[in-house]
Amino acid sequence: MEFSRRVLLGAVLLVAGLESGCAKEGPVDAAGRPLESLSIVTASGEHRFLVEIADDDAERERGLMYRPPLEDDRGMLFQFPAAREQSFWMKNTPSSLDIIYIDPQGRIVSIASHATPYSETPLPSNGAANGVLELRAGRAGEIGAEPGDQIRHSFFRP
């Protein structure tokens, strides 16, 4: 009888340990990778987001194509190895986006607001950028983001 209680107690503790381990898992992107924290510091304060990372050619090319609209606190951060003039388009992207170009120090270079879905018109950064953040259309305006504001993420070196 004592052995049965110990086995039962052990099983309960094992299940509880497994569940607590699973509870620590956070949101993931479409590929199952954890989303990363990013914040934008504007005149109205610090605004936090969870972002997918596009850091290789295939991920940067695919971006948010064929995807549903982003939630208010979500985005995608495109990371490039070197700062240079960047240009994005909306080919095969069904929802409007704000495209924020970012320099190596994490400062916003420019913002292309309300990019037109499916458009193949290039939207240039108008300055050297090694990061590009895509948010739901209108979100940058809602938080008061402007060129010169700071993006906080480990990719940038303020």
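General observations
- Looking only at the range 93-127, and only at residues there that are in contact with a strand residue (DSSP E or B) (Cβ under 8 Å, 6 or more places away or on another chain) and among the acidic types (D, E), the one that is farthest from D57 (Cα to Cα): D98
- Residue check, I40 closer than 16 Å to F156 by Cβ, of a type in the set (A, V, I, L, M, F, W, C) and not in a helix (DSSP H, G or I): yes
- Single match in S44, S39 (criterion: surrounded by fewer than 16 Cβ atoms within 10 Å (Cβ to Cβ), touching a Lys or Arg at 6+ places or on another chain (Cβ under 8 Å) and among the polar types (S, T, N, Q)): S39
- Subset of the range 56-105 (residues that are surrounded by fewer than 21 Cβ atoms within 10 Å (Cβ to Cβ) and on the phi > 0 side of the Ramachandran plot): Y66, N92
- Being farther than 23 Å from R62 by Cβ and either of a type in the set (S, T, N, Q) or surrounded by fewer than 19 Cβ atoms within 10 Å (Cβ to Cβ) (or both) is a property that N130 lacks.
- As a summary of the residue check, S125 satisfies the conditions (1) under 17 Å from the mean Cα position of the chain (by Cα); (2) at negative phi; (3) buried (at least 19 other Cβ atoms within 10 Å of the Cβ) except for the one numbered (1).
Rule-based calculations on the coordinates, nothing more; no lab input. Note that the structure is a prediction, hence the values are computed from the model and not measured. No Cβ is skipped: glycine too gets one built from the backbone with ideal geometry, and neighbour counts run over all protein chains shown.
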